[in-house]
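Data first, discussion second: the structure below is written as structure tokens.
No lab work stands behind these numbers, since they all come straight from the coordinates. Just so it is clear, the structure is predicted and the values come from calculations on it, not from any experiment. Heads up, the Cβs are rebuilt from the backbone with ideal geometry, glycines too, and the neighbour counts pull from every protein chain shown.
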Amino acid sequence: MDSSRPTLPCPFEKVFPSQLQRDDEFYMWQAYNLAIDAWRQDEVPIGAVIELNGEIIAAAHNQRDSTRDPTAHAEILALGQAAKAVGDWRLTGATLYVTKEPCPMCSGATLMSRLKRVVYAVPDPKMGCLGGATDLNGLPQSNHHLEIARGVLEKPSLELIRAYFKLKRLED
Ligand SMILES: [Zn+2]
């Protein structure tokens, strides 16, 4: 770990739901746990997983600061992993779970990868582009449209993000 970037201790614990009921909350808890991993590396706590046929084929968290890469968002990293796992850039039938509504870049990537569904926890009225600030999924001429579900585990995911920024402000 880069010692020049001391981490703020994360006061939140990971949550491990039963494996028996693999519903939207189950997968979102996995994304939530990755968001905690992000915090532990002093990254903005956003996590994502991709599910296909009941299996998690990709799991990633935001790594923008550690990689100094503006595209290293959780969703982009997860989409890359999933494409590698499937052996195709088309992620037909797959669902992305992410703890915050995708930004313009990531919303575009979810469309371009032909995902079936996107499920997000916290809506983002500032930069969210799947219904929050605007809706790229509603482009009238596009022939691919995603199914969208919003607000799954919104409360714990929002608490995590808010607490992180609050501590960061105190530190600065
Ligand atoms: Zn993004």
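Some notes on this structure:
- Prolate/oblate/rounded label for the stretch 1-97 (Cα gyration tensor, a/c 1.5): oblate
- Over the stretch 35-89: Kirkwood hydrodynamic radius from C-alpha pairwise inverse distances, Å: 11.3 Å
- Only the Cβ atoms of Lys and Arg (+1) and of Asp and Glu (-1) were treated as charged; on that basis the dipole of the chain about its Cα centre amounts to roughly 160 debye.
- Where only DSSP H runs of four or more residues are counted, the chain gives -11000 deg cm²/dmol as its mean residue ellipticity at 222 nm, each run worth -39500 (n - 2.57).
- Signed unit charges on C-beta, dipole axis of the chain, positive-most listed residue Ser107, Val15, Ala48: Ser107
- Listed from fewest to most Cβ neighbours within 10 Å, the set Arg162, Arg150 follows the order Arg162, Arg150.
- Mean Kyte hydropathy of 0.0 or more with a Cα span along the axis of at least 30 Å, helices from DSSP in the chain: none
- Exposure proxy ranking, count of Cβ atoms within 10 Å, fewest first, for Ser142, Ser66, Ser18, Ser113: Ser18, Ser142, Ser66, Ser113
- Coarse-grained scattering of the chain at q = 0.09, 0.14, 0.15, 0.16 Å⁻¹, given as base-10 log I(q)/I(0) from a Debye sum over alpha-carbon atoms: -0.28, -0.69, -0.79, -0.90
- Simple label model, 7 Å out from Cα along Cβ direction - Glu159 to Thr71, nm: 3.6 nm
- Ranked by the mean number of other Cβ atoms within 10 Å of their residues, highest first, the peptides 54-62, 99-107 fall in the order 99-107, 54-62.
- Taking 0.36 nm per residue of separation and subtracting the Cα-Cα distance, full extension of the segment from Val15 to Arg40 would add 7.5 nm.
- Rg in Å to one decimal, and Dmax rounded to a whole Å, for the stretch 74-162 via C-alpha atoms: 12.6, 37
- Dipole moment magnitude, nearest 20 debye, the stretch 73-172 about Cα centre, only Lys, Arg, Asp, Glu C-beta charged: 80 debye
- Set of lysines with alpha-carbon distance to Lys166 below 18 Å, sequence-local pairs under 8 removed: Lys100, Lys155
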